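Chemist: Pasting in a structure now, in structure tokens, and then I'll have a few things to ask.
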């Protein structure tokens, strides 16, 4: 009997939520456990050189990960080698032809909700892949290979070096950069952020920076009983979106409910806490995502947006509302 509790399967291609990021070398994919676990692992495949299969409109690829029993069981797996077709030799043509029928079935399975990877059709494909590629059953490993829906589409995925990384890791943040904007909803200024490379339910700590010459100021927000306020704001992540559970927001973070009470000015040779914040003025702000609870950043916005501060310093209106990088 094949043990499917440590095997995960994902599809890359049109219609399966795959995305190319930063060129053709980075792909995001959902990996489903073949023993029926309902929640997939969001991962990235990063390669130095990929061929034409994933770029073809009607072509698809399968990613098989083995030797991992839970999402906590890995952060990164590397694979090195020549293109898979050369490594298979005479098997390549026959594998593509036989795999085409199974690929069509996988496409149909993946069109339905739920864990399609636990279906018997998917398990038959994996049994063949394990034998053809001589994957070690227990060691963490993965392979990405084409399964064209129609014969003659795509020749193969050529690679020199590939890494499979779980979102939420430093590698994921190196390649996936969120986008952000401000919006006005019900008289509130809402910070929106999408494309966050963190799993669902993760905590996201971030700073709001004031755009000034030199090092940006960090705004401090009222957090009783501390009189001088706290720089760090805390939200959560769902489907790659910033959420604000304290205010019941599933898409966005309510900045208007957090009142700025001061700012920290960072100079060449000094760091001063300044109790003064702008009032009745436009303020240019940026966002920095913290690494845990420390002031080391995983990501800092390159662009700034503008908010209007009222007579108390609270953000009362979004002046810039377009998506920023």
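Computed from the coordinates by the stated procedures, all read-outs in this text should not be read as laboratory data. In this text the structure is predicted, and so the values were computed from the model without any measurement. Heads up, the Cβs are rebuilt from the backbone with ideal geometry, glycines too, and the neighbour counts pull from every protein chain shown.
Chemist: For labels at residue 127 and residue 169 in the simple 7 Å Cα→Cβ model, what's the distance in nm?
Modeler: Here the modelled spin labels are 3.1 nm apart.
Chemist: Multiplying the sequence separation of residue 112 and residue 185 by 0.36 nm and subtracting their Cα-Cα distance, what value in nm do you get? The partial results should precede the final answer.
Modeler: Details: separation 73, 0.36 × 73 = 26.28 nm, distance 3.46 nm.
This chain segment gains 22.8 nm when fully extended.
Chemist: Per residue, what volume in Å³ does the Cα convex hull of the stretch 221-322 take up?
Modeler: On the way: hull volume 13.7 nm³, N = 102.
Spread over its residues, the Cα hull of the stretch 221-322 gives 134 Å³ apiece.
Chemist: Can you tell me how much longer the chain between residue 203 and residue 76 gets when fully stretched, taken as 0.36 nm per residue apart minus their C-alpha distance, in nm with one decimal?
Modeler: Details: separation 127, 0.36 × 127 = 45.72 nm, distance 2.09 nm.
Roughly 43.6 nm would be gained on extension.
Chemist: Within 10 Å of each residue's Cβ, count the other Cβ atoms and sort 77, 285, 29 from fewest upward. Don't skip to the answer; put the middle values down first.
Modeler: Working: 77 19, 285 23, 29 26.
With the fewest neighbours first, 77, 285, 29 line up as 77, 285, 29.
Chemist: Quick one: compute the contact order of the stretch 194-258, relative version, from alpha carbon pairs under 8 angstrom and 6+ residues apart, as a percent.
Modeler: It rounds to 33 percent for the stretch 194-258.
Chemist: Mind ordering 311-317, 296-302 by average Cβ neighbours within 10 Å, highest first?
Modeler: 311-317, 296-302
Chemist: Stretch residue 281-residue 5 to full length: gain in nm at 0.36 nm per residue minus the Cα-Cα span?
Modeler: Working: separation 276, 0.36 × 276 = 99.36 nm, distance 5.76 nm.
93.6 nm is the gain from fully extending residue 281 to residue 5.
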